[in-house]
Amino acid sequence: MVSIDTYGACVDFPIFDAKSRSMKKAFLGAAGGAIGRNDSNVVVVEALRDIDLHLRTGDRVGLVGHNGAGKSTLLRLLSGIYEPTRGSAVVRGRVAPVFDLGVGMDPEISGLENIIIRGLFLGQSRARMRAKLDDIAEFTELGDYLHMPLRTYSTGMRVRLALGVVTSIEPEILLLDEGIGAVDAAFLAKARDRLRDLVARSGILVFASHSNEFLAQLCDTALWVDHGEIRAAGAVDEIVAAYEGPEAARHVREILKEKK
């Protein structure tokens, strides 16, 4: 069974050179987790605290919160990149972590070669990625540029290539951190269709985003992450209302009605 279970999970980052603790506290405390000391009297940033999360097949969960609230850290905990300092995290299923669209890509090799490399990074086999080359190439609309080194691409072209690969996989657990703002509006609409198809193929989705439109389109429920803790959980419109206010929630409800 595909599942995610965390029990009081915490993630701490030690700061071994903490002579100017007051400065670090003033700088980090406003955006990140709390500052404290561990049992060895080392100053730590408590990036996540007491995370209880229980997800099953079919769950589509959005993460909202300000920059530095702990959303990306939570995704990395669920992916296994970070181990809980205290508590536990048990993830069952094949995980596809999509945090940075450029990770796993080499600027010195061609776009076609990067499709294979990026696919391997996401847990796909070389044979499977070769079978998907034509479909990905058609989606990106990059034409002959696919035979050129990635360093010759604009930012928007790199995003197109990365999105083509990401949306071709079939994950059991999809951990998605939004980062697709560098493409034109027409292509973004096309990418949304591919993202919706990707989510439909996924067993579980956890999606960190600042876009209420994406959250409404892709998620059924949401978590408000604030200073490393889950401050609220519920339906997407309820959490957006709590986090951003009634006007933002009204926009989300309009999108949810269109989705039905």
Filter segment 202-221 for residues that are touching a Pro at 6+ places or on another chain (Cβ under 9 Å) and of a type in the set (S, T, N, Q) and give the result.
202
Of the residues in segment 90-120, those that are at pLDDT below 85, in a loop (DSSP other than H, G, I, E, B) and among the β-branched types (Val, Ile, Thr) number 1
Selection count where residues are closer than 26 Å to residue 11 by Cα and either modelled with pLDDT of 95 or more or crowded, with 16+ Cβ neighbours inside 10 Å (or both), scope segment 196-225:
14
Inspect all residues belonging to segment 134-141 and state whether any of them is more than 21 Å from the chain's Cα centre (by Cα), part of a helix (DSSP H, G or I) and over 20 Å from residue 188 (Cβ atoms).
yes
Going by the structure shown, is residue 113 touching a residue at least 40 places away in the same chain (Cβ under 8 Å) and touching a helix residue (DSSP H, G or I) at 6+ places or on another chain (Cβ under 9 Å)?
no
Do any helices (runs of 4 or more DSSP H) entirely within segment 178-260 hold 3 or more residues that are free of Cβ contacts under 8 Å to residues at least 40 places away in the same chain and under 28 Å from residue 47 (Cα atoms), and if so, which?
236-244
Being more than 26 Å from residue 210 (Cβ to Cβ) and either assigned to a loop (DSSP other than H, G, I, E, B) or modelled with pLDDT under 95 (or both) is the filter here; which residues of segment 31-69 pass it?
36, 37, 38, 39, 40, 41, 42, 43, 44, 57
Select, from 130, 151, 160, the only residue that is assigned to a helix (DSSP H, G or I), within 19 Å of residue 107 (Cα to Cα), assigned by TED's automatic domain parsing to the domain that holds residue 109 and modelled with pLDDT of 95 or more.
151
Of the residues in segment 226-260 that are more than 21 Å from the chain's Cα centre (by Cα) and basic (Lys, Arg), the one that is surrounded by the most Cβ atoms within 10 Å (Cβ to Cβ) is 253
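The values are calculated or read from the model by the stated rules, or taken from the named source; none is laboratory data. All values reported here derive from a predicted model rather than from experimental measurement. For neighbour counting, all protein chains shown are included, and Cβ atoms are generated from backbone atoms with ideal geometry for every residue, glycine included.
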